[in-house]
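Enquirer: Mind looking over this structure? Questions follow.
The values are calculated or read from the model by the stated rules, or taken from the named source; none is laboratory data. For clarity, every value in this text was computed on a predicted model and none was experimentally measured. When we count neighbours, we look across all protein chains shown, and the Cβ atoms used for this are built from the backbone with ideal geometry, even at glycine. Ligands, DNA and RNA are stripped out before the accessible areas are found, and what is left, the full protein with its side chains, is counted by its heavy atoms. Shrake-Rupley method; radii C 1.70, N 1.55, O 1.52, S 1.80 Å.
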Amino acid sequence: MEKRMNPGPDYDGALWGATLAVRRDRHFYAATGKAPGDMLNGLISNSPPPPLGPEEDGRVKGAVVYAALLTAKGRMITDLRLFREPDGGFLLDLSLAGAGAAEDHFRKFLPPRLAKVEDRGDEVTLLTMLGPEAPTLLAKVGGPLGITFSSQELEELREGQELVLASAPGSSPRVTRNGDHNCVGWDLILPSPLAEKLVSGL
């Protein structure tokens, strides 16, 4: 599965239609254990996100936290986003370029009795959709696949907020607002087989 943005058509799509990218520049880890939040809190520049909200109509609301992973001397290893999982753990979204150094740091400083970080790079895929028509297109194509985010839900999302579909922990489709571009955009975090089906349909 490969989809890179083409600067010409994708630029037009981002402004007036819709465009899609499979984010091979991102990598995911899961943080689990007895106290993953407390342990991560000592390594990053921001507090981990709070627990997900109550389930309503098959989905839950959550917060997305942007932070930097720091050395003991306060030097930056990489930046990352933290998502709360339904089972109380965390999903970490890192730049692929910083993933190796981050994994080494976690192994060195996270006490395994309280927290551990596992590679989820082969299991989870990030898709970025840009453009004003993206919510309508996603609702049309994603609905039959069980990705039942409505166009209104996506349009109402703000950066730092997320929606998670209530399914098995560790495999729940989720969406958050992407504020990295000068156009409207959303990040979809999906189990990789489901992401591949969605890309094919789009």
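Enquirer: Lysine pairs, Cα distance under 29 Å, 8 or more residues apart or cross-chain: how many in the chain?
Expert: Qualifying lysine pairs in the chain: 14.
Enquirer: While we're looking at this one, here's another question. Report, to the nearest whole %, how much of the accessible area of the chain belongs to carbon and sulfur atoms, 1.4 Å probe, protein only.
Expert: Values: 5130 of 10120 Å².
The C+S portion of the solvent-accessible surface of the chain is 51 percent.
Enquirer: Restricting to DSSP H runs of at least four residues, report the calculated mean residue ellipticity at 222 nm for the chain, -39500 (n - 2.57) per run over all residues, nearest 500 deg cm²/dmol.
Expert: Numbers: 6 runs with 55 residues, N = 202.
Per the formula, -7500 deg cm²/dmol.
Enquirer: With unit charges on the beta carbons (Lys and Arg positive, Asp and Glu negative) and the dipole taken about the Cα centre of the chain, which residue among GLY185, LEU198, GLY160 sits farthest to the positive side?
Expert: Of the candidates, GLY160 comes out farthest on the positive side.
Enquirer: Let me ask something additional. Under the Karplus relation 6.51 cos²θ - 1.76 cosθ + 1.60, θ = phi - 60°, what is the ordered set of whole-Hz ³J(HN,Hα) values for the stretch 112-118, x standing for Gly and Pro?
Expert: Those phi angles translate into x, 5, 10, 7, 9, 10, 10 Hz.
Enquirer: Note the full-extension length gain between LYS61 and ARG158 as 0.36 nm times their separation in residues minus their Cα-Cα distance, in nm to one decimal. Display every interim value, and only then the final one.
Expert: Numbers: separation 97, 0.36 × 97 = 34.92 nm, distance 1.16 nm.
Stretched fully, the LYS61-ARG158 segment lengthens by 33.8 nm.
Enquirer: To continue, here is another question. With viscosity set to 0.890 mPa s at 25 °C, what whole-number translational diffusion coefficient in µm²/s follows for the stretch 62-202 from Stokes-Einstein and a Kirkwood radius over Cα pairs?
Expert: Reported coefficient: 152 µm²/s.
Enquirer: Another question, if that's okay. Which whole-number percent gives the relative contact order of the chain, counting Cα pairs below 8 Å spaced six or more residues apart?
Expert: On the way: 415 pairs, mean separation 49.5, N = 202.
Rounded, it is 25 percent for the chain.
Enquirer: Cα-based Rg of the stretch 1-138 per 2.2 N^0.38 Å, rounded to two decimals? Each step should come with its number before you reach the end.
Expert: Values: Rg = 17.0 Å, N = 138, 2.2 N^0.38 = 14.3 Å.
Compared with the compact-globule rule of thumb, the stretch 1-138 sits at 1.19.
Enquirer: Distance from the Cα centre of the stretch 110-161 to that of the stretch 15-35, in angstrom?
Expert: With the stretch 110-161 and the stretch 15-35 each reduced to a Cα centre, they are spaced 8 Å.
Enquirer: Counting only heavy atoms of the protein chains, get the accessible area per residue of the stretch 1-139 (1.4 Å probe) and round it to a whole Å² value.
Expert: Numbers: 7230 Å² over 139 residues.
The answer is 52 Å² per residue.
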